[in-house]
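Following: one structure in structure tokens, then a few remarks.
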Amino acid sequence: MAAKLKKGDKVIVLAGKDKGKQGEITAVMPADNKAIVEGVNIAIRHTRQSQSSQGGRVAKPMPIDLSNLAVMDKNGKPTRVGFRVEDGKKVRFAKTTGDVL
């Protein structure tokens, strides 16, 4: 199945502790059905000091389930993603506005 959400998409969180927050997808893990969104689902991780890094408490974005994310359309509203063929190519489009993503 084609990916409805891709790296670089602007998304809104639909459920969880960060509900309503917006961000851009930085990584997608299709095998786990999860994505990492900048500024969302932040956890503090303690890292040991090494020669290359200082160490200490580091804020790190954790993966969030794809079902809890929705793509933003041009109006800034959450929308579902559909597929259609234009000029022989399969493209993603926003269901609310019909615009190609």
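Among the candidates Ile36, Ile44, which residue alone is loosely packed, with under 11 Cβ neighbours inside 10 Å and not charged (D, E, K, R)?
Criteria check complete, one pass: Ile44.
I'm trying to understand the selection: among the residues of region 57-100, which are within 22 Å of Asn33 (Cα to Cα) and among the hydroxyl-bearing types (Ser, Thr, Tyr)?
Hits for region 57-100 are Ser67, Thr79.
Looking at region 46-101, which of the residues that are outside any strand (DSSP E or B) and among the small types (Gly, Ala, Ser) is farthest from Asp9 (Cα to Cα)?
Ser50
Restricted to region 3-33, and to residues that are out of contact with any strand residue (DSSP E or B) (no Cβ under 6 Å at 6 or more places or on another chain) and of a type in the set (Gly, Ala, Ser), which residue is surrounded by the fewest Cβ atoms within 10 Å (Cβ to Cβ)?
Ala31
Each value in this text was obtained by applying a stated rule to the coordinates, not by laboratory testing. Not measured: the values here are computed from a predicted model. Note that each Cβ is placed from the backbone with ideal geometry, even for glycine, and that neighbours are counted across all protein chains shown.
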